[in-house]
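What follows is one structure encoded as structure tokens, with my remarks underneath.
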Amino acid sequence: MIARIVQDAPVQTLAAEAASGTPEIIWSAIAPNLILMLGGVLLLTVVSLLRGKSPSWFPAVWTVVTASLALIALIPLWARVQDEGAQTVMAGAVGLDGFSLFVTGIICLSVIMGALLLEGYVRREGLEGAEWYVLLLLSASGGVTMASANDLIVMFIGLEILSVAAYVLTAMHSKRISSQEAGLKYFVLGAFSSAFLLYGIALTYGATGSTNLVRIQRFLSDTVLTQNGLLLAGFAFMLVGFGFKIGAAPFHTWAPDVYQGAPSPVTAYMASGIKAAGFAGLLRVFVVTFGPTYGADWRPMVYALAVLSLLVGSFMAIVQTNVKRMLAYSSISHAGFILVAVEASSTQGTSAALFYLLAYTFMVTGSFAIVTIMGRTGDGTHALDDYRGLGRARPGLALIFTVFLLAQAGVPFTAGFLSKFYVINSVVAEGQYALAVIAMVSAVVAAFLYLRVVVAMYFSEDAAAELMESKIKIPVGASIALVIAVVGTLWLGILPGAVTNLANDAVAQLVAFKS
Amino acid sequence: MIGTLLNSSTQILASKVAEEATSVSDFPVIPALIITPLIGAVIIALIPRSRSDLYKQIAVITSVITGAFSIAMLVAFKTEDSGYQFVIDQPWISDLGISLHFGVDGISLFLMVLTGVIFPIALLGAKVDHDPKPYYGWLMVLMAASMGVFSSLDLVLFFAFFELVLVPMYFLIGLWGHSNRVYAATKFFLYTMLGSAFMLVGLVSLAVLNARAMGGPITFDLVEIAKNQAISVTAGRWIFCAFAVAFAVKVPLFPLHTWLPDAHTEAPTAGSVILAAVMLKLGTYGFIRFGLDLFPEASHWAAPVMMTLGVIGIIYGAICATMQKDLKRLVAYSSIAHLGFIVLGVFAFSVQGLEGSILIMVNHGISTGALFLLVGWIYERRHTRQIAELSGLQKVAPIFAGVFTLVMLSSIGVPGLNGFPGEFLVLLGSFASARWWGVVAVSGVILAALYLLWAYQRVFHGPVTEPNKGFRELRLTEGLVIAPLLVLIVFLGLYPKPMLDRIEPSVERLLAHVDAEVDGFELREVKFVAPLPGEVEAGHTEAGHTEAGKTEAGHTEGKP
């Protein structure tokens, strides 16, 4: 049913313009999306048919396999895009380009990480069930739809599929009241922000006469609007909608509560996959579509969002005492950093944002993997004091967490350094020196936050005995996730050449209007 | 262990002799200097905790091998060559013109050798009371990063190593330091990172503007950008300031120095030794390599301010040192004074000043490293560093006192020991180009004698109080550990010419570069009244001026 909506939407919007009935559907072009979606639906069916006779690891393995298949399906598409160039399918509603494929890859990766973490988590919490994984796959499918949408309506539908599943996932921990509170909060505020986005889309349609991004772009470059108030209002409303999804200040207030309340593996997915999808939408709408013509109008808005996110994220983070909340604020400041790259509004900035999103996926899912493990039964021990003496009790775990924290602080030879470097590079190339300095200085403030966790883990030994006694189990899934995250974090830091080229190639093949 | 050292060094020397110098310059010595300690760190990480006795051995062996490589590099270094040697240039991130570009010239050579020598000594000379595995692991990472930072010729690569050294040092201070270690470690990390934040923006701006002016693809290659000098004067000055903040924190220069006394005092002995010997030099080295070479015009423009800050550092560090009650803190403040001399010499823009600065960088590393080792041994014996609680040590431990005296005199800058030639050349160089700064700086020499001799008097002389009666004499192992430093103190004091011969071509090239780029720049030097007989034959007017320095000190100081 969902599949039909995705296909029908462009038909409805373009009905007036389409001369001949239904457009041709090239299924192979949306193969990754189909795999994720069908994987989710099939999982639900299979588990229902088996009536609880399937082993508890089955849905997790299914999800990992599905997401891996989706990743593999990207390869022939990537080759096709690099050979034939960017193209649109489904009557121009879906863009098949390097950008969408790159973001799809990030989302698949984040699904794999989320499923690996969920496996041990649901067992520990006594909440086994296939629903977690079905929702995860469907949410990811929405994210991929959003990333590859070349039409505002399709993008909105993708966003809703992504979000509705995420609302439910947030509230899935039925034994914790804070999880349900977080789910409700996320839902109410999320629905509100979706309304803003939709309103912005409507205004943009009113101003430009189309919801198709390429058409909008062509219209704006061919036409000089005598009155652009409608369009500018559309920008502002859409920015509110996207700003909410990516957790940018001042639309961030949901993030700390939701990150803290949501089950930790879901938070990991939220911070990586949902953020990537949100940024994909933001980049495609603002940088690609409005960048060439109306950059001067929306860039100051993004400038303000970036500065606010950097400052709020880093300064609020250092006064927190809960590690999950700290990471929530740190994710706001990371969003600010990526917004700096958006503000550059250049191909360089877009590829810097893509690199950053991939690097951040490794760093943040790794961090939340540790948080998931440290939460112990009940998913409640997330205070900074609960990490005291970890360096003595579990040196390996503490060292890995240190790698993620230092990477987020931007220490060289980790993914965090180069992602920051590329962002600074892109924004300096546009002559925005002040923004670059603000970003770097706030990164130093944020570094203090990461050091606080390191200090708690290593430099306070009084609580070590207590930690030693409480057995911390690392499930198989979580340990695989940790390995992937560590390898990814260091690989992007030490041998970044291949991924950098990949990000640059991705941006080189972008569905856009070329005059 | 020593066998391994001998083996590796003889192998290198043998291969050199056998196949002439070409084979040595083909051997990738700089990557070896960086990778060897890293291999050590990996081995240490893989050894299980049950074999904890192996950690120190592995660390010592790998650091000694690295030290042997650095000495082999010194031997193979071509004395008269002013350019970069042992160059490695491989693409790293080709899309952005970032490369793994390494090379050594006379300016960085001795800093790398110092790193190679001081690490094994610090490892052997300081004990660790808990968690040996991460301790030795981090030290090895620190060694690799230090080697990397002195040999990087790419801006991004340099920055990466420059930041990377923070992490191991942060853990060394935070985990094995003294009572107030967490505060000191965090302060150290954040101060340096704040400085680096500006440098990162600066270096990206530099590369972007350089590429725009040259019309080519973007490059972060130091040699290329320094050669082009394509950016405008205003931009150059702004970017220089961004770099200068980072280096000024690291040096540290006067208003940004407050992390240093804390970090040095709270660090474990090995950490203090390495902080003083190696890490403080990152700032002054940065000023030469990334200040003078990249921004000759801006450096010349900023010279009065920088020299003033250097002189303030000399006086302020000395006054603070005089008032310290804690012996280790005293040594820490004395570093600020010494580093002030270096900055003065760098920005005096004369051959003698620059050479003197590089000499002080190395010799301060040797003598202050040795001082920190001795203070660490005092602390091991007495569990206090308070000067007031120590008294009469000379009577119970005369050899210890003798060693301390020698090191202290070298730190004061007594002629004949290694502290003298550098300080003398810096003063000579600054008299020629910036006389009044030199005049004020001279008082630093007297103040150094004041605070160190006074501290010596209080600690080693006087009546032997009850708790000091059991103060143990210098052990043989300790003596063997510090012996190389004592030999260097005397040798480099009496005969610094081998160092100067290697430093001079690079310094002259650097100043020629400044001369070519800065309008109205005039290289001012103190010319000797009559060249020494040997110098005329060598056709070298400036060479050997340290020897001359001692004999003709009266002339020159009266002359300018």
Given the condition under 21 Å from residue B:194 (Cα atoms), modelled with pLDDT of 90 or more and open to solvent by 10 Å² or more (accessible area, probe 1.4 Å), answer yes or no: does some residue in the range B:306-314 qualify? yes
Within the bounds of the range B:219-239, is there any residue that is within 11 Å of chain A (Cβ to nearest Cβ), among the hydroxyl-bearing types (Ser, Thr, Tyr) and free of Cβ contacts under 8 Å to residues at least 40 places away in the same chain? no
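With the structure loaded, tell me whether residue A:400 is away from every other protein chain (no Cβ under 11 Å), within 25 Å of the chain's Cα centre (by Cα) and part of a helix (DSSP H, G or I) or whether it fails that test.
Details: away from every other protein chain (no Cβ under 11 Å): yes; within 25 Å of the chain's Cα centre (by Cα): yes; part of a helix (DSSP H, G or I): yes.
In short, yes.
Could you grab me the full set of residues in the range A:239-285 that are β-branched (Val, Ile, Thr) and either surrounded by 24 or more Cβ atoms within 10 Å (Cβ to Cβ) or part of a helix (DSSP H, G or I) (or both)? Give the steps one after another, and end with the answer.
The first filter runs over the range A:239-285 and keeps only residues β-branched (Val, Ile, Thr), leaving A:240, A:246, A:253, A:258, A:266-267, A:274, A:285.
Answer for the range A:239-285, where residues must be β-branched (Val, Ile, Thr) and either surrounded by 24 or more Cβ atoms within 10 Å (Cβ to Cβ) or part of a helix (DSSP H, G or I) (or both): A:240, A:246, A:258, A:266, A:267, A:274, A:285.
Could you tell me whether residue A:455 is open to solvent by 10 Å² or more (accessible area, probe 1.4 Å), of a type in the set (A, V, I, L, M, F, W, C), within 11 Å of chain B (Cβ to nearest Cβ) and without any contact (Cβ under 8 Å) to a residue 24 or more places away in the chain?
On the way: open to solvent by 10 Å² or more (accessible area, probe 1.4 Å): yes; of a type in the set (A, V, I, L, M, F, W, C): yes; within 11 Å of chain B (Cβ to nearest Cβ): yes; without any contact (Cβ under 8 Å) to a residue 24 or more places away in the chain: yes.
The answer is yes for residue A:455.
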Applying the selection to the range B:153-176, what residues are more than 10 Å from every other protein chain (Cβ to nearest Cβ) and without any contact (Cβ under 8 Å) to a residue 60 or more places away in the chain? B:168
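Every residue in the range A:403-425 that is assigned to a helix (DSSP H, G or I), within 9 Å of chain B (Cβ to nearest Cβ) and in contact (Cβ under 8 Å) with a residue 12 or more places away in the chain, please.
Here is the first cut: in the range A:403-425, the ones assigned to a helix (DSSP H, G or I) are A:403-409, A:415-425.
Pick out the ones that are also within 9 Å of chain B (Cβ to nearest Cβ) and you get A:406, A:409, A:417-418, A:420-422, A:424-425.
A:406, A:409, A:417, A:418, A:420, A:422, A:424, A:425, listed by residue number.
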Tell me which of these residue B:251 doesn't satisfy, since it passes every other one: (1) crowded, with 24+ Cβ neighbours inside 10 Å; (2) modelled with pLDDT of 90 or more; (3) farther than 26 Å from residue B:390 by Cβ. (2)
I'd like to know if the range B:74-86 contains one or more residues that are without any contact (Cβ under 8 Å) to a residue 60 or more places away in the chain, touching a strand residue (DSSP E or B) at 6+ places or on another chain (Cβ under 7 Å) and open to solvent by 10 Å² or more (accessible area, probe 1.4 Å). yes
When residues of the range B:117-150 are filtered for being open to solvent by 10 Å² or more (accessible area, probe 1.4 Å) and under 14 Å from the mean Cα position of the chain (by Cα), how many remain? 1
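Looking at residue A:428, is it surrounded by fewer than 20 Cβ atoms within 10 Å (Cβ to Cβ) and within 10 Å of chain B (Cβ to nearest Cβ)? Working first, answer last.
Details: surrounded by fewer than 20 Cβ atoms within 10 Å (Cβ to Cβ): no; within 10 Å of chain B (Cβ to nearest Cβ): yes.
For residue A:428, the condition - surrounded by fewer than 20 Cβ atoms within 10 Å (Cβ to Cβ) and within 10 Å of chain B (Cβ to nearest Cβ) - is not met.
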Limited to the range A:320-356, what total is found for residues that are of a type in the set (Val, Ile, Thr) and more than 30 Å from residue A:510 (Cβ to Cβ)? 2
Looking at (1) farther than 20 Å from residue A:418 by Cβ; (2) surrounded by fewer than 24 Cβ atoms within 10 Å (Cβ to Cβ), which is the one condition that is false for residue B:270? (2)
When residues of the range B:177-197 are limited to those that are surrounded by fewer than 22 Cβ atoms within 10 Å (Cβ to Cβ) and facing another protein chain (nearest Cβ under 7 Å), the one farthest from residue B:134 (Cα to Cα): B:194
Residue under question is residue B:525, and the condition is that it be acidic (Asp, Glu) and modelled with pLDDT of 75 or more; does it hold? no
Restricting to the range B:290-301, count the residues that are over 14 Å from residue B:229 (Cα atoms) and either open to solvent by less than 10 Å² (accessible area, probe 1.4 Å) or charged (D, E, K, R) (or both). 0
Which ones in the range A:372-394 are more than 11 Å from residue A:121 (Cα to Cα) and not aliphatic (A, V, I, L, M)? A:380, A:381, A:382, A:385, A:386, A:387, A:388, A:389, A:391, A:392, A:394
For the range B:385-395, does any single residue satisfy the condition of being in contact with a strand residue (DSSP E or B) (Cβ under 9 Å, 6 or more places away or on another chain), part of a loop (DSSP other than H, G, I, E, B) and either open to solvent by less than 10 Å² (accessible area, probe 1.4 Å) or at pLDDT below 90 (or both)? yes
When (1) touching a residue at least 12 places away in the same chain (Cβ under 8 Å); (2) not in a helix (DSSP H, G or I) are applied to residue B:440, the one that fails is (2)
Is there a residue being hydroxyl-bearing (Ser, Thr, Tyr) and open to solvent by less than 20 Å² (accessible area, probe 1.4 Å) anywhere in the range B:435-450? no
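The values are calculated or read from the model by the stated rules, or taken from the named source; none is laboratory data. Not measured: the values here are computed from a predicted model. For neighbour counting, all protein chains shown are included, and Cβ atoms are generated from backbone atoms with ideal geometry for every residue, glycine included. Remember, those area values only see protein heavy atoms, side chains included, never the ligands or the DNA or RNA. Shrake-Rupley method; radii C 1.70, N 1.55, O 1.52, S 1.80 Å.
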